[in-house]
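Trainee: Okay, here's the structure, questions in a sec.
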Amino acid sequence: MMKVLIPGAGGMFSSDLVRFLNELKASRAVSGGLEVVAAPETGLDITDAAKVDAFVAACEPNIIINCAAYTDVDRAEAEPEKALAVNAVGPENLAKSAKRHGAKLVHISTNYVFSGDKGSPYVETDEAQPVNVYGRTKLEGDRRVAEHCPNHLIIRTAWLFGRKGRNFIETMLKLGREKGALAVVADELGSPTFTLDLAAATWNLISIQAMGVFHVANTGVCSRLDEAQAIFDLAGLKVKLTPIKLADYRRAARVPLNSALDCSKLGRVTGHRPRPWRDAIRHYIEFERS
C-alpha cells in the first residue's frame with residue numbers, strides 16, 4: 001500500500017491533486033493500493049517542526065507532496081517573515097521529517113524563482129534570480145528541501161488554473177461579462193497550467209521515481225493578452241481587449257516579464273508532456289466550471 005500525505009490540502013492545486021489520486025485509487029491502477037491523507041493547513045501547521053514530525057511519524061507516508069504555500073505575491077512584500085515561514089521554514093521541516101522517516105518529498109515550486117530577463121522559456125538549469133519576496137522565499141524553500149532531503153522532487157509550475165479558488169480564467173470571464181471591454185497586459189509572458197494536468201504529470205514523475213527539479217506546465221507560451229483572448233473565444237464572449245504594458249499595471253510586487261517554462265526535460269524523462277495550454281483552457285471551460 002502506497003500512502004501519500006498532502007500538506008496544504010484544500011487549495012486550488014491540492015484539491016485537484018486529491019481528486020486525481022482518488023480517481024486513480026478507485027481505478028486500482030496503483031499496484032498494492034493507494035491511500036491519500038489530505039492535511040489542510042488548519043490541521044497541519046508546517047511551520048511548527050515538532051508538530052510536523054509528530055504528524056509524519058504517525059502517518060507513516062511513502063510520499064509527501066507539499067502543497068502548502070504563501071502565494072499572495074503582492075501581500076508578501078508587506079509580510080516577508082510570514083512568507084518565509086510558510087515557503088521556506090515549512091518545507092525545511094517537511095524535508096527533515098521526510099528524511100528521518102524514510103519518505104520521498106515532492107515540493108511544489110514556482111516560475112517566480114526566475115527574473116524574467118532571459119527572453120526565452122526557462123530550463124531547470126537556468127540561474128534562479130527572483131525579483132520579489134514571494135520568489136525569494138520560494139527559492140529558499142527549494143534550497144532547503146534539496147539540502148535536507150536527498151530523496152526529493154521539486155516541481156516548478158506557473159499560471160495555475162483549476163476548479164477551486166481564484167484564477168485568471170474566472171477573473172477574465174467575470175470582468176468580461178460585467179464590462180465588455182478590458183485592458184490586459186500584452187508583454188508579460190508565461191505558461192498557463194491546468195491543475196489536473198499538473199496532477200497527472202506529478203504522478204508520472206513519482207511513478208518513475210524521478211528526483212531533482214522539473215518544470216511542469218501546459219505546452220506553449222503566451223501573453224496574458226493571448227490567454228484572455230483565448231478565454232473569450234472559447235467561452236463565446238465578445239469582449240474588446242486593449243493591450244497595455246506590465247509597467248502600466250500597478251501592483252505592490254515586481255513580477256517577471258517572461259517567466260515561461262521549458263518542459264522538455266519532463267517530456268524526455270516521462271515520455272509525456274501536458275497538452276497545449278489552449279486545449280487545457282477549452283477543457284476547463286467546457287467541463288470543469290460549476
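What follows is calculated from the coordinates using simple rules that are stated; it is not laboratory data. Model, not experiment: these values are computed from the prediction. Glycine gets a Cβ as well: all are built from the backbone with ideal geometry, and neighbour counts include every protein chain shown.
Trainee: Can you list the equivalent-ellipsoid semi-axes of the range 193-290, largest first and in whole Å, using the square root of 5 times each Cα gyration tensor eigenvalue?
Mentor: With the √(5λ) rule applied to the range 193-290, the semi-axes are 28, 19, 11 Å.
Trainee: Could you please rank Tyr112, Tyr70, placing first whichever residue has the fewest other Cβ atoms within 10 Å of its Cβ?
Mentor: The order, fewest Cβ neighbours first, is Tyr70, Tyr112.
Trainee: Taking R0 as 35 Å, what's the FRET efficiency between Glu178 and Val123 from their Cβ-Cβ distance, rounded to 0.05?
Mentor: Working: r = 40 Å, r/R0 = 1.13.
After rounding, the FRET efficiency stands at 0.30.
Trainee: Taking amide H positions as placed 1.01 Å from N in the peptide plane, with prolines and chain starts having none, which residues 5 or more places from Ala183, or on another chain, fall under 5 Å of its amide H?
Mentor: Those qualifying (amide H under 5 Å, at least 5 residues apart or on another chain) are Thr242.
Trainee: Let me ask something else. With 10 angstrom as the radius, rank His148, His101, His215 by how many other C-beta atoms surround their C-beta, starting from the fewest.
Mentor: With the sparsest Cβ surroundings first, the list reads His101, His148, His215.
Trainee: If you don't mind, another one. Where the convex hull is taken over the Cα atoms of the range 30-165, what is its projected area averaged over directions, in nm²?
Mentor: The orientation-averaged projected area of the Cα hull of the range 30-165 comes to 9.6 nm².
Trainee: Continuing with the same structure: Can you tell me the 0 to 90 degree angle between the C-alpha axis of helix 90-101 and the longest principal axis of the chain, rounded to 10?
Mentor: 30 degrees
Trainee: With θ set to phi - 60° and the Karplus curve 6.51 cos²θ - 1.76 cosθ + 1.60, what are the ³J(HN,Hα) couplings of the range 148-156 in order, to the nearest whole Hz, using x for Gly and Pro?
Mentor: Whole-Hz 3J(HN,Hα) from phi for the range 148-156: 9, 9, x, 8, 10, 9, 9, 10, 8.
Trainee: Checking the cross-link filter: which lysines have an alpha carbon closer than 24 Å to that of Lys174, excluding same-chain neighbours under 8 positions apart?
Mentor: The qualifying lysines are Lys164, Lys238, Lys240, Lys245.
Trainee: A further question follows. Mind jotting down a quarter of the surface of the convex hull over the alpha carbons of the range 46-97, in square nanometres, one decimal?
Mentor: 3.5 nm²
Trainee: Once phi is turned into ³J(HN,Hα) by the Karplus curve 6.51 cos²θ - 1.76 cosθ + 1.60 with θ = phi - 60°, what whole-Hz value does each residue of the range 45-56 show in order, with x for glycine and proline?
Mentor: Coupling constants for the range 45-56: 7, 5, 7, 9, 4, 5, 5, 4, 5, 5, 5, 5 Hz.
Trainee: Order these by the 10 Å Cβ neighbour count, fewest first: Met1, Met12, Met211, Met172.
Mentor: Fewest-to-most Cβ neighbours within 10 Å comes out as Met1, Met211, Met12, Met172.
Trainee: Roughly how far apart, in whole Å, are the Cα centres of the range 149-199 and the range 12-59?
Mentor: So the two Cα centres are separated by 23 Å.
Trainee: Specify the angular offset, from 0 to 90 degrees and rounded to the nearest 10, of the alpha carbon long axis of helix 224-235 from the longest principal axis of the alpha carbons in the chain.
Mentor: Relative to the chain, helix 224-235 is tipped by roughly 90 degrees.
Trainee: OK, next. Short version: ³J(HN,Hα) in whole Hz for each residue of the range 280-288, in order, from phi by Karplus 6.51 cos²θ - 1.76 cosθ + 1.60 (θ = phi - 60°), x for Gly and Pro, what are they?
Mentor: After applying 6.51 cos²θ - 1.76 cosθ + 1.60, I find 5, 5, 4, 4, 4, 5, 7, 10, 9 Hz.
Trainee: Name the long-range amide H neighbours of Lys104: under 5 Å, sequence gap of 5 or more, or other chain; modelled H, no Pro or chain starts.
Mentor: Ile63, Ile64
Trainee: Can you give me the angle between helix 12-26 and the longest principal axis of the chain, using Cα atoms only, in degrees from 0 to 90, rounded to the nearest 10?
Mentor: With both axes taken from Cα atoms, the answer is about 60 degrees.
Trainee: Another one. What longest region of the chain stays clear of trypsin sites (Lys or Arg not before Pro) that DSSP places outside H, G, I, E and B and that have at most 12 other Cβ atoms within 10 Å?
Mentor: 29-165
Trainee: Within the range 3-139, what is the number of lysine pairs with alpha carbons under 17 Å apart, leaving out pairs fewer than eight places apart on the same chain? Mind showing how you got there, number by number?
Mentor: Details: Lys3/Lys25; Lys3/Lys99; Lys3/Lys104; Lys51/Lys96; Lys51/Lys99; Lys82/Lys138; Lys96/Lys104.
Summing the qualifying lysine pairs gives 7.
Trainee: Seen from all sides and averaged, what is the projected area of the convex hull of the Cα atoms in the range 103-253, in nm²?
Mentor: 10.0 nm²
Trainee: 5 Å is the cut-off here: which amide hydrogens, built 1.01 Å from N in the peptide plane, fall below it relative to Ala39, excluding neighbours closer than 5 in sequence?
Mentor: Excluding prolines and chain starts, which carry no amide H, the hits are Ile6, Gly8, Ala9.
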